[in-house]
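K.L.:
Provided herewith is a single structure, encoded as structure tokens, for subsequent inquiry.
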Amino acid sequence: MNTVPILMYHNVERAPKGVGLRGLYVTPGRFRRQMQLLKWLGYRGISQAEAVPYLRGEASGKVVVITFDDGYRDNLEHALPVLCDCGFRATCHVVSDAIGAYNRWDAEQLGARKAVMSAAELRQWVAAGMEVGAHSRSHARLPELDEDALYAEVQGSRAALEDLLGRAVTSFCYPYGAAGERERALVRELGFASAVSVRRARARPGDDLWNLPRVAVGGHHGPQVFPLQILTAHEDRHQ
Ligand SMILES: [Zn+2]
């Protein structure tokens, strides 16, 4: 059966010395080789919004969905030129209260302040043909919130991004992948076309559009792991 792998990246940057969770960093050179490999294999890199018809079984083709979590500036500096060279599109899921600031939610834990794109930089990302998705206002663990706070995080992040970009935001990404029935139902009711988690597998047609699994691309993996993640059941066994 055909699959629609949804890749999850965070930083496209060389990991600073001593930083926690080095797997969140993929170097720019590695990222370029990964995108070139996909192209060579005949895949097209698409955004999460573009993936919906493939996941509904209404379109078919060799596609890989490219997503970046949190909205880091290094995505614009290092990933965007590669995506443009390959003719690929991608989605960056932005924490709306962190625009022009940094990763307040885990800077201390990681020992690294990572710059999040400013409003002008997000507009550059979109002007290049890329998508912006919502990733809550503050990177809260949504299942821990009461109804009002949950609504503010989900709808508030979308409203802020739509105001900023002047276009509809239809893709969502759960912070930490944390979502239960209530969170998924709200995201669906609010009209998001799809939402991604951190559950590990290649997505496939017929999957729940508001609970999509992803393939985490880690900087700590050897270079041989990436093709296995795309082409084999390497990720799917963990379901
Ligand atoms: Zn995140």
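The values are calculated or read from the model by the stated rules, or taken from the named source; none is laboratory data. None of these values were measured; they are calculated from a predicted model. In this analysis, Cβ positions are derived from the backbone assuming ideal geometry, glycine residues included, and neighbour counts consider all displayed protein chains.
K.L.:
Give the range 188-199 a look and list any residue that's within 16 Å of the ligand (Cβ to nearest atom) and in contact with a helix residue (DSSP H, G or I) (Cβ under 6 Å, 6 or more places away or on another chain), or say none.
P.N.:
Those that are within 16 Å of the ligand (Cβ to nearest atom) and in contact with a helix residue (DSSP H, G or I) (Cβ under 6 Å, 6 or more places away or on another chain): Ala195, Ser197, Val198.
K.L.:
Checking the structure you have, find out if any residue of the range 64-73 is within 22 Å of Asp208 (Cβ to Cβ), in a strand (DSSP E or B), away from the ligand (no atom under 16 Å from the Cβ) and at pLDDT 95 or above.
P.N.:
So far as the range 64-73 goes, yes, one or more of its residues are within 22 Å of Asp208 (Cβ to Cβ), in a strand (DSSP E or B), away from the ligand (no atom under 16 Å from the Cβ) and at pLDDT 95 or above.
K.L.:
Name, by its number, the condition in (1) surrounded by fewer than 17 Cβ atoms within 10 Å (Cβ to Cβ); (2) touching a residue at least 40 places away in the same chain (Cβ under 8 Å); (3) at positive phi that does not hold for Leu41.
P.N.:
Failed condition: (3).
K.L.:
Still on this model: How many residues does the range 111-129 hold that are under 14 Å from Asp69 (Cα atoms) and either in a loop (DSSP other than H, G, I, E, B) or at pLDDT below 95 (or both)?
P.N.:
2
K.L.:
How many of the residues in the range 1-33 are within 16 Å of the chain's Cα centre (by Cα), assigned to a helix (DSSP H, G or I) and not aromatic (Phe, Trp, Tyr)?
P.N.:
Number of matching residues: 2.
K.L.:
Go through the range 37-60 and report how many residues are under 24 Å from Val126 (Cβ atoms) and not β-branched (Val, Ile, Thr). Talk me through it step by step, then tell me what you get.
P.N.:
Of the range 37-60, the ones under 24 Å from Val126 (Cβ atoms) are 38-39, 43-55, 59.
So of that shortlist, the ones also not β-branched (Val, Ile, Thr) come out as 38-39, 43-45, 47-51, 53-55, 59.
Total meeting the criteria: 14.
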